[in-house]
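**Q** This is the structure I have questions about; it appears just below.
Computed from the coordinates by the stated procedures, all read-outs in this text should not be read as laboratory data. Just so you know, these numbers come straight off a predicted model, no measurement behind them. Neighbour counts run over all protein chains shown; Cβ positions are idealised from the backbone, glycine included.
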């Protein structure tokens, strides 16, 4: 009864197209879900995400779930997640992607998932890390451990949106620290992030993990820029 009244005055709208959601739809309508530009990169070796890190840092496997285009639906969804408080989108995308990765041989042995951390000031201002629920859902789908405290920001690097490619690489090298005492025997770590552009953030995270012995590192992101 109360839910029906709430739906009458505050109808649930699709975060992709603003159409009314049907009762069984969650956050994104069926039409938008079917229209999302999936990459399917997890099925292919030497895919475009893996190639970003060639010659930079060792990466076991790397993938992104969606293609991110300027003014496209994926940009709109990521904006809702990061700036409009739609944290549940992270869970939804994480569950969906995690189900796919669980069937992929390259990701089946993941035993620890780490989200790329926000600087504390940014997280305090936003109220949450947009990657945390995504990473947690990936871990659950992969039956892996999850730790959001092993990696942390060592300095506030500022927004990446307005920085050049060179400056991103320069600023990122010392932006992360890893508490390896929390790393209790994991052999294959999955780093989770929202959008891959230059790969500088993930590269810096992997460098922070370089003291981990006999550990493989893979990457999973919600999206990659086109």
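**Q** For segment 74-112, list residues with backbone N below 18 Å from a point placed 7 Å from the Cα of residue 31 toward its Cβ?
**A** From segment 74-112, the list is 74, 76-77.
**Q** Over 31 Å apart: what share of the alpha carbon pairs of segment 36-225 falls there, rounded to a whole percent?
**A** Values: 1367 of 17955 pairs.
Pairs farther apart than 31 Å: 8 percent.
**Q** Can you give the FRET efficiency to the nearest 0.05 for residue 128 and residue 23, using r as the Cβ-Cβ distance and R₀ = 41 Å? Write out the running numbers ahead of the final one.
**A** Values: r = 27 Å, r/R0 = 0.67.
Plugging the Cβ-Cβ distance into 1/(1 + (r/R0)^6) gives 0.90.
**Q** Another question about this same structure. How much mean residue ellipticity at 222 nm does the chain get from its helices, if each DSSP H run of length 4 or more adds -39500 (n - 2.57) and you divide by all residues, to the nearest 500 deg cm²/dmol? Let's see the in-between values first.
**A** Values: 9 runs with 78 residues, N = 226.
Counting only the DSSP helices, I get -9500 deg cm²/dmol.
**Q** Only Cα pairs under 8 Å and at least 6 apart count here; give the relative contact order of segment 66-162 as a rounded whole percent. Don't jump to the answer; show the numbers that get you there.
**A** On the way: 108 pairs, mean separation 30.5, N = 97.
Normalised by residue count, the contact order of segment 66-162 is 31 percent.
**Q** Further, regarding this structure: I need 74, 57 ordered by Cβ neighbour count within 10 Å, fewest first. Numbers along the way, then the final one.
**A** On the way: 74 23, 57 17.
By the 10 Å Cβ count, ascending, the order reads 57, 74.
**Q** Here's a follow-up. For residue 210 and residue 121, FRET efficiency with R0 = 30 Å and r from the beta-carbon atoms, rounded to 0.05? Don't skip to the answer; put the middle values down first.
**A** Numbers: r = 26 Å, r/R0 = 0.88.
So, using R0 = 30 Å, E works out to roughly 0.70.
**Q** Continuing with this model, one more query. Please identify, among 121, 80, 130, the residue showing maximal mean-square fluctuation in a Gaussian network model of the chain using a 10 angstrom Cα cutoff.
**A** In this elastic network of the chain, the residue with the biggest mean-square fluctuation among 121, 80, 130 is 121.
**Q** Moving on. I'd like the antiparallel share, as a percent to the nearest 5, of DSSP beta bridges with both residues in the chain.
**A** Numbers: 6 of 26 bridges.
The answer is about 25 percent antiparallel.
**Q** Which length gain, in nm to one decimal place, applies between residue 13 and residue 149 when the Cα-Cα distance is subtracted from 0.36 nm times their residue separation? Display every interim value, and only then the final one.
**A** On the way: separation 136, 0.36 × 136 = 48.96 nm, distance 3.41 nm.
Once the chain is fully extended between residue 13 and residue 149, it gains 45.5 nm.
**Q** Moving on to the next point. Angle between the Cα long axis of helix 132-141 and the longest principal axis of the chain, 0 to 90 degrees, nearest 10?
**A** 90
**Q** Here's another thing I want to ask about it. Between residue 187 and residue 225, what length in nm is gained on full extension when 0.36 nm per residue of separation is reduced by their alpha carbon distance?
**A** Numbers: separation 38, 0.36 × 38 = 13.68 nm, distance 2.94 nm.
Value of the extension gain: 10.7 nm.
**Q** Neighbour counts of other C-beta atoms within 10 Å: give me 188, 79 arranged from fewest to most.
**A** Numbers: 188 19, 79 12.
Starting with the residue having the fewest Cβ neighbours, the order is 79, 188.
**Q** Another question about this same structure. Sort out for me the Cα centre separation of segment 77-137 from segment 38-62, rounded to whole Å.
**A** So the two Cα centres are separated by 19 Å.
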